[in-house]
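Worksheet: one structure, shown below.
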Amino acid sequence: MDRLVCGNEGRENKYRTPAGARSGKRTPWPSITFHRKMLKVYWRSSRLAVKGLYDGDQWAMGSLEVLRLLESVGVQIEIDNLDVPYRLSEPCVYIGNHMSTLETMVLPCLVQPARNTTFIVKESLTRFPVFGPIMRSRDPIAVGRSDPREDLKVVMKGGQQHLESGTSVIVFPQTTRSATFDPAQFNTIGVKLARRANVPVVPIALKTDAWEKGGIIKDFGPIRPERMVHICFAEPLAVSGSGREEHEQIVKFIQGKLDEWGEERSKIQNPKSNG
């Protein structure tokens, strides 16, 4: 079985796309090639979900297939602290920045094999053709995004129920996907949920702009193989008091990683200007 979905024993803490896995130089139309193949994964998964046959293992394997498809069109993926989900003895709230569709497609193969996991999602996603049945099969916490107070109630109630039953929850506190990280738009809903359920939070820093937002259909944006994908899990944080300090730590971790990865990219693109 692929190392990204194997058990903790023998697991490496880092993952880097093997050089031989990238065929982007031979892929003249990476976006078309990727989305055409990805639709096949969606369609197959949706048919299983409609039949009630799409479980957590199927979700993780479909997610892994998407990761491999990205690599096959030239996208290089780098994941750090990959073993964090496997060292947890209890469910947690994963809190990350939301840059693109990529994280919603790839994160399941990194966390679901360690423990059953679900997302907080927009309710409209559960009604999408093809993708809707897949999302509904994961029993997500669906919010309307029209009434913040009602959404908070739904998240607190549904999230606590999931966590108490042993299921971890993935939260993207930003209101929408964005290529930039604005701490002012990064709310505290994940920390509040973790505090209420008395579980740790695991911050995730994500640089996933290799999959850009589409125009007419947001999920089918251009694929940019020249942009490396970075995913980094932080160590779990116990939430105490108001959770304000932990929220600030999460923001600092994500911002720091994005700055670090931005500097690395600059050095690669402008080697002469960096000595």
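The values are calculated or read from the model by the stated rules, or taken from the named source; none is laboratory data. Because the structure is predicted, anything quoted here is derived from the model rather than measured. Using ideal geometry, Cβ is built from the backbone for each residue, glycine included, and neighbour counts are taken over all protein chains shown. These accessible areas exclude ligands, DNA and RNA; they are computed on the full protein's heavy atoms, side chains included. Shrake-Rupley method; radii C 1.70, N 1.55, O 1.52, S 1.80 Å.
When the surface is traced with a 1.4 Å probe over the full set of protein chains, SER240 keeps roughly 70 Å² accessible.
Distance between the pseudo-spin-label points of ALA238 and GLU164 (7 Å out from Cα toward the beta carbon): 2.2 nm.
Using 0.36 nm times the number of residues separating TRP43 and GLU248, minus their current alpha carbon distance, what extension gain do you get?
Details: separation 205, 0.36 × 205 = 73.80 nm, distance 4.03 nm.
The span from TRP43 to GLU248 would gain 69.8 nm if fully extended.
What's the extension gain from ASN13 to ASP57 if we count 0.36 nm per residue and subtract their Cα-Cα distance?
Values: separation 44, 0.36 × 44 = 15.84 nm, distance 2.14 nm.
Residue separation times 0.36 nm, minus the Cα-Cα distance, leaves 13.7 nm.
If you plug the beta carbon distance of PHE128 and ALA179 into 1/(1 + (r/R0)^6) with R0 = 25 Å, you get a FRET efficiency near 0.65. Summary value for the chain: 22 percent relative contact order, contacts being C-alpha pairs under 8 angstrom separated by 6+ residues.
Considering Cα pairs under 8 angstrom that are at least six residues apart, work out the relative contact order of the stretch 122-216 and quote it in whole percent. Please report the intermediate quantities before stating the final value.
Details: 62 pairs, mean separation 17.4, N = 95.
The normalised contact order for the stretch 122-216 reaches 18 percent.
Rounded to a whole number, what % of the accessible area of the chain do carbon and sulfur atoms account for, probe 1.4 Å?
On the way: 6950 of 13700 Å².
Summing carbon and sulfur atoms, their accessible area is 51 percent of the total for the chain.
Here the extension length gained between ARG224 and ILE32 equals 68.0 nm, from 0.36 nm per residue of separation less the Cα-Cα distance. With just the Cα atoms defining each centre, how far is the stretch 228-254 from the stretch 160-204? Give it in Å. Result: 10 Å between the Cα centres. Look at where the Cα atoms of the stretch 205-221 and of the stretch 93-119 average out, and the two centres are 16 Å apart.
Summing -39500 (n - 2.57) over the DSSP H runs of n ≥ 4 in the chain and dividing by its residue number, what mean residue ellipticity at 222 nm do you reach, to the nearest 500 deg cm²/dmol? Write out the running numbers ahead of the final one.
Details: 8 runs with 111 residues, N = 275.
That calculation yields -13000 deg cm²/dmol at 222 nm.
Annotation for TYR86 and ASN187: the two label points, set 7 Å from Cα along the Cα-Cβ direction, are 3.5 nm apart.
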